[in-house]
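*Asks:* Just passing along the structure, written as structure tokens.
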Amino acid sequence: MITQTNFEYLKAVDKNLYEIITEAEKLYRDEYFEQCMTQTRRFGEHICRNVLGKSRTTEITFDEMLATLKDKINGSEQEKEFIDDLYFLKKQGNESTHSATVGKNSIKAFECLKRAFEAGINYAVYYKKSDSDFLKLEYDSELLITGKKSKETLAKKYEKQKEKFATVKKSKNDVKGKKQSKKTPAKPLKKQIYTMNSISQKQNFSPFWIFLGIAFLISFGLIIFLLI
């Protein structure tokens with residue numbers, strides 16, 4: 001299976017640069033991030049040498065060539081970005097080359113590849129007079145990892161992620177709303193009645209009073225009988 005690369009545009013422009021930078025992508029894919037950064041530095045140095053061309057005199061090191069190139073630019077925004085990208089590649093490449101330990105900085109290595117991509121496009125369009133459509137190209141991280149070109153543009157992927165996020169957010173809000181509606185409503189307080197109705201008491205006579213009444217009647221009857 002043929003592995004594709006983000007730097008396909010360079011293949012017909014400069015075969016040597018193409019081979020250098022595609023090797024950097026392979027190193028990244030295999031998780032050799034320090035070596036990847038060193039390789040992107042090499043890529044930047046070769047670009048710098050090519051751009052200087054016959055203008056290069058005593059410059060030998062990458063730093064010396066960059067200083068000369070910086071003095072020769074007209075000061076356009078495109079040229080400033082080009083120089084900044086090359087300085088970035090030089091700095092990160094030097095740090096990875098002279099580092100005492102082997103790092104696993106995938107983020108820096110990825111940034112180096114992106115900067116190399118931008119520098120390569122500027123080199124191809126403005127110095128090699130290639131197709132200006134190259135300026136529309138965008139670095140594809142999925143292509144870097146898988147070696148297969150995505151059928152969707154970066155803008156399309158962004159829109160899909162945006163829609164997905166909105167759907168997930170709406171779903172969470174719907175679930176939250178259902179949970180709140182299922183809560184048992186608080187019972188209304190029972191209305192207290194403050195009016196009082198009098199209750200009639202039953203007139204009950206105890207056995208003692210009944211006996212006493214009967215005895216009184218008997219005694220009263222005997223007294224009347226004796227008097228007669």
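*Asks:* Compute the normalised compactness of region 1-80: alpha-carbon radius of gyration over 2.2 N^0.38 Å, N being the residue count.
*Replies:* After normalising by residue count via 2.2 N^0.38 Å, the value is 1.26.
*Asks:* Here's a follow-up. Just to be sure I understand the model, the point goes 7 Å from the Cα along the line to the Cβ. What's the resulting Ile107 to Lys164 distance in nm?
*Replies:* Result for the modelled spin labels: 2.2 nm.
*Asks:* Which semi-axis lengths, in whole Å and largest first, follow from the square roots of five times the eigenvalues of the Cα gyration tensor of region 1-144? Could you put the intermediate results ahead of the total?
*Replies:* Numbers: eigenvalues 107, 77, 32 Å².
Sorted largest first and rounded, they come to 23, 20, 13 Å.
*Asks:* Between Glu8 and Arg49, what FRET efficiency follows from the Cβ-Cβ distance if R0 is 25 Å, with the result rounded to 0.05?
*Replies:* 0.65
Coordinate-derived values only; no laboratory data. Please read these numbers as outputs of a predicted model, since none were measured by experiment. Glycine gets a Cβ as well: all are built from the backbone with ideal geometry, and neighbour counts include every protein chain shown.
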